[in-house]
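Q: Here it is, the structure, as structure tokens.
Computed from the coordinates by the stated procedures, all read-outs in this text should not be read as laboratory data. Because the structure is a prediction, the values reported are computed rather than measured. So basically every Cβ, Gly included, is an ideal-geometry build from the backbone, and we count neighbours across all protein chains shown.
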Amino acid sequence: MPERNEPVDRRGGWSEAAEEVRAHLRSVTLADVLDARVAGFALALAWQLVVYFSATVHFSTRNDVTHFNSVLGFSSLGMVAVLVLAALAPRGFARVVARPWARLVAPAMVAAATVALSIVEHSEVIRQPWCSIASTLAGIGMGALLLSWAVVFSRFSTMQVIARAASALILAAIAFALVVLMPEPFSVVVAACAPMGSAAILFAQAPWQELGKTPSAQLRHGAFSRSAVLSLGVLALTGSFVSALLIDAAPIVNSGSNPWLFLFASVVAVSAVCVPMLSADSLDFAAAYKSSVFAMGLIFLLLPIVEAGGMTARLLGLTVYCLTLLLAWVVLARITGLYQLPPLFAFGVGWSSLVLGNLAGTFAGGVLESFIVITPWLLSVCTLAGVCLLFFAYLFLFTEKTMARLLGGPPSRGKRPFKERCHQVALDYALTDREEEVMILIAKGRSTPRIRAELGLTTGTVNTHLANLYRKLDVHDRQEVIDRVEGARGGKEL
């Protein structure tokens, strides 16, 4: 520790932090950012943005109760039905999705519903209840598609999940702007084809025979469900309620508005969620969540100041939406992969709570807008309620101690168990199962002959695994491997 009057040299700390950031970034390749699966997931997200936030397919505002139930309401309920079904019966859902005919039904259902909604909007041929029916079918198909993508993402390393989810959100925002700028007939066709393209990419690469695989962890399903509903549901409810007041009863894209608002909002969301994670040798989800909560809280405080429905208000509302979407996806994918949870159950419970919270918050904002005169005093009360709910959600979000309880173990204090730290490093640096086994033995102090004997490998094979391990971890000797494992400390929130 330096003396009281001795100047402190902070350059070492900054250079060390910069090296840790570079180590994270080196674990991500160009394929992790711009491969086919990123594009496929972006198409699924783009469909939601186009249908929910523009008049391209059907004019259904997010907070006008006279139009509210036409698309957002019924599609959300259809999506929740599929998510809950998959959570309750993951093996049955996996068996159905694994069949070739079933892989075509979900995207075809979304595409057909998109066309039907466009016909309802632009002609008198069909009206209600077909609009509600088409919206429900679209939600069911999109729910199955998102669940399938969740299974794929749960197999990526933590850094790959972050990179791919962030890239997909930005690509979806770009696609949103391009679609709404097209002539109307072309934009409807593109919107209808988006889920088909997403499914074609997804089903060409996903290991469907492993969908219903039983996890190694003994998860306490009831406790997990309550925690997910409390955290993600309240977070989505708060964000959507404030977004409804900011965006006002109008589509995002109309005369005089900017179709690129979603791109700006997605870049802000990616910066708030992803950049803070790079501040530690093991990806720091606590910093990411804290920065996201701070950003959302700041936006809530601006609610009484900005003009509802204006350009600034729309940008703030979309930023809250993107923040919630990206944070929830990254957190669910991370805990699913880290704790070897069943992805269909984890995403089914977590995402359904997010959708229901989003629906409840939007409806509450719509009711407030439709039946009560909005005064500065009322906006101040809404701001206070939003900030309080936001911090309530923050206190109940998944933590390492919570996950330890859900898995039947005691809450961790200080460092996490040795094998858990090793598995965290393996996920962060995309190690194979064999490379993880070699790393564990190195961390235990085993020599190369001992590793060869325990794993039943030849000396050449062990050396190959060592070389790959050193390259991925960006280390040069065994001691640095041990230091990397020792650096994967616990005691932080997700």
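Q: D for region 86-130, whole µm²/s, Stokes-Einstein with Kirkwood Rh over alpha-carbon pairs at 4 °C and 1.567 mPa s: what number?
A: 103 µm²/s
Q: Stokes-Einstein diffusion coefficient for region 102-164 at 37 °C in a medium of 0.692 mPa s, Rh from the Kirkwood formula over Cα pairs: what value in µm²/s? Show your work: numbers first, answer last.
A: Working: Rh = 13.2 Å.
Once the numbers are plugged in, D ends up at 248 µm²/s.
Q: Report the far tail of the P(r) of region 46-185, meaning the percent of Cα-Cα pairs longer than 21 Å. Let's see the in-between values first.
A: Details: 4765 of 9730 pairs.
Of all Cα-Cα pairs in region 46-185, 49 percent lie more than 21 Å apart.
Q: Let me ask something else. Residue by residue, what Karplus-based ³J(HN,Hα) values in Hz, rounded to whole numbers, does region 313-326 have, using 6.51, -1.76 and 1.60 with θ = phi - 60° and x for Gly and Pro?
A: Once θ is set to phi - 60°, the couplings for region 313-326 become 5, 5, 4, 5, x, 5, 5, 4, 4, 5, 4, 5, 4, 5 Hz.
Q: Another question about this same structure. When the chain is fully extended, how far beyond the present Cα-Cα distance does residue 302 get from residue 483, taking 0.36 nm per residue of separation? Before the final figure, lay out each step's value.
A: Working: separation 181, 0.36 × 181 = 65.16 nm, distance 4.49 nm.
The residue 302-residue 483 span can extend by a further 60.7 nm.
Q: Here is a further query. Based on the Cβ-Cβ distance of residue 370 and residue 112, what FRET efficiency does E = 1/(1 + (r/R0)^6) give at R0 = 41 Å, to the nearest 0.05? Display every interim value, and only then the final one.
A: Details: r = 32 Å, r/R0 = 0.77.
After rounding to 0.05, the efficiency reads 0.80.
Q: Under a 5 Å amide H to amide H cut-off, with H placed in plane at 1.01 Å, what residues pair with residue 54 once short-range neighbours are removed?
A: Placed amide hydrogens put 252 under 5 Å from residue 54.
Q: Can you work out the Karplus-derived ³J(HN,Hα) for every residue in region 294-299? Use 6.51 cos²θ - 1.76 cosθ + 1.60 with θ = phi - 60°, whole Hz, and x for glycine or proline.
A: 4, 5, 5, x, 5, 5
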